[in-house]
1. Just one of (1) over 30 Å from H6 (Cα atoms); (2) assigned to a loop (DSSP other than H, G, I, E, B); (3) at pLDDT 80 or above trips up P39, so point out which.
2. Go through (1) assigned to a loop (DSSP other than H, G, I, E, B); (2) at pLDDT 75 or above one by one and return the number of the condition E9 breaks.
3. Return the residue satisfying two criteria in turn: it lies in segment 51-85 and is exposed (fewer than 13 other Cβ atoms within 10 Å of the Cβ) and of a type in the set (S, T, N, Q), and of such residues it is nearest to P118 (Cα to Cα).
4. Any chance you could count how many residues in segment 53-92 are within 18 Å of the chain's Cα centre (by Cα) and either in contact (Cβ under 8 Å) with a residue 40 or more places away in the chain or assigned to a loop (DSSP other than H, G, I, E, B) (or both)?
5. Quick one: in segment 111-139, which of the residues that are among the β-branched types (V, I, T), part of a strand (DSSP E or B) and farther than 13 Å from M26 by Cβ is modelled with the highest pLDDT?
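The values are calculated or read from the model by the stated rules, or taken from the named source; none is laboratory data. These numbers were taken from a predicted model, which means no experiment stands behind them. For neighbour counting, all protein chains shown are included, and Cβ atoms are generated from backbone atoms with ideal geometry for every residue, glycine included.
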Amino acid sequence: MTQSIHNSELNILPPGDYEELSRFNMTFTGWSLGFPLSPNPQKDLSDRLNAVVKQNGGDGIVGLTITVGNNPFNNVTMALKGVSVVAFLTSLLILKYDDQSTGLVLAGASLAGILFLPTAADFTITGTVVKFRNGKAGP
């Protein structure tokens, strides 16, 4: 699933060695719990791409592009996280100079907002499913 298809000697196969079956365009939204709690922000897309290849009776994908964009929900979430950061800093001042119980409640609520508000991104994946003319990649 690279920009081109290689044979067993890693030489690039010319377009005549494979047939382009169909272009595809896949879109979906990816969700996570925001940066502080995302131990592995990478997403494995191989199952989805393998399903596209199988559905089209192909052997691989050429011209694969993955585009990630902001989601409108994410704008709201980031604004709320910003408010939560300000609230947390305010809670530190309240804890130091005023009411301990109010400061603790505000600190806990704002930390929960920072850590647990979900984030989202829109993904678009495009490419062309191909089939090898002789049934395999390369000689």
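1. Evaluating P39 over (1) over 30 Å from H6 (Cα atoms); (2) assigned to a loop (DSSP other than H, G, I, E, B); (3) at pLDDT 80 or above leaves (3) as the failure.
2. The one condition E9 does not meet is (2).
3. N75
4. 12
5. In this case the residue turns out to be V130.
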